[in-house]
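What follows is a single structure, written as structure tokens, with notes after it.
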Amino acid sequence: MLVRRAGEQDLAGVGSLLRQVAQVHADGRPDLFRSGARKYTDAELLGIFADDAHPVFVAVDEGGAVLGHAFCEVQDFRGSNNMQPIVSLYIDDICVDEKSRGQHVGTALYQHVIAFARELGCHNVTLNVWECNPGARAFYDAMGMTPLKTCLEQVL
């Protein structure tokens, strides 16, 4: 398995993973997410893949098939009025293909993201996890992540 930046050759694989992510969210929170949807179009993905402020990493097998992805965002607070002047890496999404789960693909992606953040000189790595996805929460706990803040809601 190889983890690298995503490119045009990864569109179909990443698109498939985005559908899987969307379905997990739609199943868990149908009041917020549409079933059968996808977060980004192919054109949007190509733009994101080329954006160094939003690096996307893929784990691929020997044949180049996408096993998982990690969407990230570099957050630069060095010009902030109220935050310490740090750079943070936000993980917007990690997904491992349903057929590849249990094979340490997620761990490889996460470790790659951590190494990337260290190379950038980031202060921390952050993410949000949906409460309707206990498997993801357990994975992030196992990776050593701890709560930074809690987002609460009252559905009306």
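The values are calculated or read from the model by the stated rules, or taken from the named source; none is laboratory data. Every value quoted in this text rests on a predicted model; they were computed, and no experiment measured them. Because the Cβ atoms are built from the backbone with ideal geometry, glycine has one as well, and the counts that use them run over all protein chains shown. Note: areas computed on protein heavy atoms with side chains; ligands, DNA, RNA excluded. Shrake-Rupley method; radii C 1.70, N 1.55, O 1.52, S 1.80 Å.
For the reader, a short list of remarks on this structure follows.
- Every residue from segment 77-95 that is surrounded by fewer than 14 Cβ atoms within 10 Å (Cβ to Cβ) and not hydrophobic (A, V, I, L, M, F, W, C): ARG78, GLY79, SER80, ASN81, ASN82, GLN84, PRO85
- Verdict on VAL155 being modelled with pLDDT under 95, crowded, with 16+ Cβ neighbours inside 10 Å, in a loop (DSSP other than H, G, I, E, B) and of a type outside the set (Ser, Thr, Tyr): no
- Across segment 30-73, the number of residues qualifying as open to solvent by 70 Å² or more (accessible area, probe 1.4 Å) and of a type in the set (Gly, Ala, Ser) comes to 4.
- From the options VAL56, VAL125, residue that is in contact with a Leu (Cβ under 7 Å, 6 or more places away or on another chain), aliphatic (A, V, I, L, M) and either closer than 24 Å to GLY7 by Cβ or modelled with pLDDT under 95 (or both): VAL125
- Hey, GLU98 of a type in the set (Asp, Glu) and more than 16 Å from the chain's Cα centre (by Cα) or not: no
- Residue count for segment 77-95, restricted to those that are of a type outside the set (Val, Ile, Thr) and either in contact (Cβ under 8 Å) with a residue 12 or more places away in the chain or within 19 Å of ARG5 (Cβ to Cβ) (or both): 7
- Number of the condition not met by GLY102 [criteria: (1) touching a residue at least 24 places away in the same chain (Cβ under 8 Å); (2) open to solvent by 30 Å² or more (accessible area, probe 1.4 Å)]: (1)
- Every residue from segment 81-97 that is of a type in the set (Asp, Glu) and more than 18 Å from ARG118 (Cα to Cα): ASP93, ASP97
- Applying a threshold of 7 Å to beta carbon distances and a minimum spacing of six or more residues, or different chains, the list of pairs starting in segment 22-37 at a residue that is over 16 Å from ASP93 (Cα atoms) and ending at one that is open to solvent by less than 40 Å² (accessible area, probe 1.4 Å) and in a helix (DSSP H, G or I) reads ARG34/ALA26; SER35/ALA26.
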